[in-house]
Amino acid sequence: MVLHMRKLSLLLLILIAFKVNAQEGIKFNQTGNWKETIEAAAKTGKLIFVDCYTDWCGPCKWMDQNAFTDAKVAAFYNKNFINAKIDMEKGEGIALRKKYSVQSFPTFLFINGNGEVVHRTGSRMPIEEFLEEGKKAADPKKNLSYLNKKYEEGVRDLPFLLDYYLVLNKSDRSNADKIGRDIVSAISAAELNTELGWKVIRTLARNENDKLGAHFMANENAYNKWSTAEERDQLKDRLVTYTIYGLMRGSNEQAFMDKLAYFKKSDKIDRRRQGVMLEADYYLGAGRTDDYVKLTSSALTNELKDEAEKLSFLARRASGGKNPNEQVSPAIMQQAYLMAKRAVELEPEEYSIQSTFAWVCLGMKKKPEALTAAKKSRALADAETSKIQKLAQELLDKVEAL
C-alpha cells in the first residue's frame, strides 16, 4: 500500500512538472539586448527565433496564449533556438523592423550569428504548423535561405518548386504567386494523377474551372489513396465556394442557384450552413429584401440557430457594419438585430459578438440595449489588444452620446 502511494505521488509530481513546463512555454529574452543575442547565437551556433510583434496585434496575442505555451513547441524552440520577443514599435525593435523589413505582425524571423535571416514566416497559425515552421528553419536543407539559393542556381523540379512555394507563401506572397503559376503551367496530366499531383491540387487549385480544380472534380476518386475523405470534401467545398463567388457577380441567377444546390441539398449540416451564408450574401447584394428576410428567419430556427459566429457575421454585413452612411432598409436592420441578439445569447463573453450587437442597436437607436452591449464589449476588450480597447471605447462613447 505504501509503495503504491509512493508511485502515485511520483506520477503526480511528474504530471505537475509537465504542466508547469507547458505553462512556461518558450523562454524568451534570456539575453540583455540584441547585440548580446547575436553574440550568443554566434557562440552556440544556434539560430535566433524572433517573434516580431506589437501590443495592438490580435494574432500576436493568440500565438502568445496558444502556440508559444504548447509543450511540444516550447521543448523544440527552447532546445534549438535562442528566443527573442521584440516589440517592433519600441526600443531596439524600431531599428530591427527597418533592418529586416518587417511589414506585418506577427512576423517570425530565424536569424544566424551573422545577423542574416535564414528563414522567415508569419501570421497566426495552428500549433502543429508553427512547430513545422521551426523544424524547417532548423533544417539547413529546408529553410528559406537554402531554397532561395537552390532556386537561384536553377533548380526547377516540381517537388522543389512546391516546397519553395509553401515556404514563400508565408513570407513573400508576390513571389509565391509567381512560383505557383510556374507549377500550374509545368505540371502534366500524368503528374496530376500522382501523390505529388494531389499535393499540388490541394495547395494551388482555386475553383472548379481552373486547370487543377477541373482535373480534381473530374477525377476525385483517383486521389483516395493519398488523402482522406475529409480532405477531399474540404477541397471540393472550397472549389465550389469560389465558383459560386464568381457567379454572384454575374447576371445568371439560374447558374448561381444550380451551383448553390451543392450546399443547400447536402445531407451534411456544415454544407447546408455554408449554403445559407452564400445565399444570404447573394440576396443582400442584389437588394432582394423579402428573400433575405425569409431565408435568415428560417436559418434562425434551423441551420444557424446555434451558430453565434455565423449569425454575428451576417448581422454585421447586413447592418452596414461601422459605416454610418450606409443606407439599410428597416426590414434588413430588423433581421440584423434578431441575428446579433441571438448570437449574444449564445456567446455573451465574446468581444466581437457583443460589439456587433452594440453597433446594430446603435444603428437602430436602441440605446438601452446598445449601452449594455457596448459596456460589456468594453469590459471584454481589456483582455484584448490596445487597438481593440480603443475601438471598444470609441463605440461606448458613440452609444453614450446617442
Interchain or long-range residues, amide H under 5 Å from PHE68's placed H: none
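Taking a threshold of 30 Å on the Cα-Cα distance, which of the pairs LYS98/LYS387; LYS72/LYS142; LYS170/LYS259; LYS98/LYS199; LYS211/LYS305; LYS268/LYS366 fall above it? Walk me through the intermediate numbers first.
Numbers: LYS98/LYS387 22 Å; LYS72/LYS142 20 Å; LYS170/LYS259 32 Å; LYS98/LYS199 36 Å; LYS211/LYS305 38 Å; LYS268/LYS366 38 Å.
Over 30 Å Cα-Cα: LYS170/LYS259; LYS98/LYS199; LYS211/LYS305; LYS268/LYS366.
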Cysteines without a disulfide-compatible neighbour (Cβ-Cβ under 4.7 Å), the chain: CYS52, CYS361
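Would you mind working out the magnitude of the charge dipole of the chain relative to its Cα centre, with +1 at each Lys and Arg C-beta and -1 at each Asp and Glu C-beta, to the nearest 20 Debye? If you can, show how the numbers build up before the last one.
Numbers: 62 positive and 55 negative charges, 85 e Å.
Dipole about the Cα centre, nearest 20: 400 debye.
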Nearby lysines by direct alpha-carbon distance to LYS79 (threshold 17 angstrom, same-chain neighbours under 8 apart not counted): LYS27, LYS43, LYS46, LYS135, LYS136
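Expressed as a rounded percentage, what relative contact order does the chain have, with Cα pairs under 8 Å and six or more residues apart? List each step's numbers first, then the result.
On the way: 491 pairs, mean separation 37.9, N = 402.
Relative CO of the chain lands at 9 percent.
Count charges around LEU295 for me, please; just the other residues with Cβ under 11 Å from its Cβ, Lys/Arg as +1, Asp/Glu as -1.
Values: positive: LYS264, ARG288, LYS294; negative: GLU279, ASP281, ASP290, ASP291, GLU303.
Net charge around LEU295: -2.
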Which label in (1) 35, 31, 23; (2) 71, 27, 17; (3) 40, 33, 23 gives the computed semi-axes √(5λ) of the Cα gyration tensor in Å: (3)
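Using just the helices of the chain, give the 222 nm mean residue ellipticity in deg cm²/dmol: DSSP H runs with n ≥ 4 each add -39,500 (n - 2.57), and the total is spread over all residues, rounded to 500.
Values: 21 runs with 262 residues, N = 402.
Here the helix-only value at 222 nm equals -20500 deg cm²/dmol.
With a length cut of 27 Å (Cα positions projected on each helix's long axis) and a Kyte-Doolittle mean of at least 0.0, go through the chain and give me the DSSP H helices that pass.
Working: long enough: 2-24 (33 Å, 1.11); 229-248 (28 Å, -0.55).
Result, helices passing both filters: 2-24.
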Calculated on alpha-carbon atoms, Rg and Dmax of the range 137-215 in Å: 12.7, 39
Probe 1.4 Å, protein heavy atoms only - accessible area per residue of the range 279-402 in square angstrom: 51
Dipole of the chain, positive end: most advanced residue of TRP62, PHE28, LEU396 [Cβ charges, Cα centre]: PHE28
The range 34-139: relative contact order in percent, alpha carbon pairs under 8 Å with at least 6 residues between: 38
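The values are calculated or read from the model by the stated rules, or taken from the named source; none is laboratory data. Values in this document were obtained by computation on a predicted structure and should not be read as measured data. With ideal geometry, Cβ positions are generated from the backbone for all residues, glycine too; neighbour counts draw on all protein chains shown. Side chains included, ligands, DNA and RNA excluded: accessible areas come from the protein's heavy atoms. Shrake-Rupley method; radii C 1.70, N 1.55, O 1.52, S 1.80 Å.
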